[in-house]
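Here's the structure we're looking at; comments come further down.
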Amino acid sequence: MPASPGPAYVMLRQSDPGFGMTGLKTDSAIKLDKIATIIRVMVVGVIGELPETARKEVNRKMVDLYRIENGEVIGDYCPAHPLMSRSIRRFSL
């Protein structure tokens, strides 16, 4: 766990309500600046799901970090990732 999480982190702590539904065993962090595409058939199973409060925080931070308006990345610069350009156009929350 990072000592001081940045704006791109969503923290999941064992003390949080709903932590049990995540299937995680210890405090964890979702790193929104480390997004990757996965192939669905490569997923072996599901360990849990995010509580509603964590999902809302992820959505809010994604909009703020990646400057999303109406499902589209706006501007040529993204503060969360300086190399990100307008080549990524559509994003669904």
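In the stretch 1-21, which residues are out of contact with any strand residue (DSSP E or B) (no Cβ under 7 Å at 6 or more places or on another chain) and at pLDDT 90 or above?
Within the stretch 1-21, the first condition is being out of contact with any strand residue (DSSP E or B) (no Cβ under 7 Å at 6 or more places or on another chain), and the residues that meet it are 3-4, 6-7, 13-18, 20-21.
Matches in the stretch 1-21: Arg13, Gln14, Ser15, Asp16, Pro17, Gly18, Gly20, Met21.
When the residues of the stretch 31-52 are filtered to those that are within 28 Å of Arg67 (Cα to Cα) and assigned to a helix (DSSP H, G or I), which remaining residue is most open to solvent (accessible area, probe 1.4 Å)?
So the first thing to find is which residues in the stretch 31-52 are within 28 Å of Arg67 (Cα to Cα), and the list is 31-40, 49-52.
Keeping just the survivors that are assigned to a helix (DSSP H, G or I) gives 40, 52.
Numbers: Arg40: 205, Glu52: 94 Å².
Looking at residues that are within 28 Å of Arg67 (Cα to Cα) and assigned to a helix (DSSP H, G or I), I get Arg40.
Contact list please: Cβ distance under 6 Å, first residue in the stretch 14-36 and in contact (Cβ under 8 Å) with a residue 60 or more places away in the chain, second residue hydroxyl-bearing (Ser, Thr, Tyr) and assigned to a helix (DSSP H, G or I), pairs at least six apart or on different chains.
Going by the 6 Å Cβ cut-off, there are no qualifying pairs.
Any idea how many residues of the stretch 25-49 are within 14 Å of Tyr9 (Cα to Cα) and under 15 Å from the mean Cα position of the chain (by Cα)?
Applying the first criterion (within 14 Å of Tyr9 (Cα to Cα)) to the stretch 25-49 yields 27-35.
Restricting the remaining residues to those that are under 15 Å from the mean Cα position of the chain (by Cα) gives 28-35.
Counting residues in the stretch 25-49 that are within 14 Å of Tyr9 (Cα to Cα) and under 15 Å from the mean Cα position of the chain (by Cα) gives 8.
Among the residues of the stretch 9-30, what is the count of those that are among the aliphatic types (A, V, I, L, M) and open to solvent by 40 Å² or more (accessible area, probe 1.4 Å)?
Quick first cut of the stretch 9-30, residues among the aliphatic types (A, V, I, L, M) only: 10-12, 21, 24, 29-30.
Pick out the ones that are also open to solvent by 40 Å² or more (accessible area, probe 1.4 Å) and you get 21, 24, 30.
Number of matching residues: 3.
State which residue is modelled with the lowest pLDDT when the search covers only the stretch 53-68 and only residues that are of a type outside the set (D, E, K, R) and either within 20 Å of Ala3 (Cα to Cα) or open to solvent by 40 Å² or more (accessible area, probe 1.4 Å) (or both).
So in the stretch 53-68, the residues of a type outside the set (D, E, K, R) come out as 53-54, 58-59, 62-63, 65-66, 68.
Of the ones still in play, those that are also either within 20 Å of Ala3 (Cα to Cα) or open to solvent by 40 Å² or more (accessible area, probe 1.4 Å) (or both) are 53-54, 58-59, 63.
Values: Thr53: 94, Ala54: 94, Val58: 91, Asn59: 88, Val63: 80.
My answer is Val63.
The values are calculated or read from the model by the stated rules, or taken from the named source; none is laboratory data. Keep in mind that this is a model prediction, so the values were computed, not measured. Note: ideal-geometry Cβ built from the backbone for every residue, glycine included; neighbour counts use all protein chains shown. Quick note on the areas: whole protein, heavy atoms, side chains included, nothing else; ligands and nucleic acids left out. Shrake-Rupley method; radii C 1.70, N 1.55, O 1.52, S 1.80 Å.
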